[in-house]
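Please treat every number below as a calculation from the coordinates, not as lab data. Here the structure is a predicted model, which is why all the values come from computation and not from measurement. In this analysis, Cβ positions are derived from the backbone assuming ideal geometry, glycine residues included, and neighbour counts consider all displayed protein chains.
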Ligand SMILES: [Zn+2]
């Protein structure tokens, strides 16, 4: 085990977010349900997209729209798998 700074995970994160993000598979931290992003329920308005677990309705994460881009607020999403 070596201790480095966050630059070391950039390549690993890029492996997760490569390709079609709708096929990212997440695990709900509330009910342990596994689903792709495409299978989640989303509440959408001008300010935000609230992404909910279809099985238990808990908020997995929220994407906030800001003037200078978007911001991801992590909720009950436990795992995210790019494969
Ligand atoms: Zn759930």
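Note on the chain: enclosed strands (runs of 3 or more DSSP E) holding 1 or more residues that are surrounded by 15 or more Cβ atoms within 10 Å (Cβ to Cβ) and in contact (Cβ under 8 Å) with a residue 12 or more places away in the chain are 25-28, 34-36, 48-52, 59-66, 77-81.
Inclusion of residue 37 among residues that are under 16 Å from residue 74 (Cα atoms) and more than 16 Å from the ligand (Cβ to nearest atom) is not warranted.
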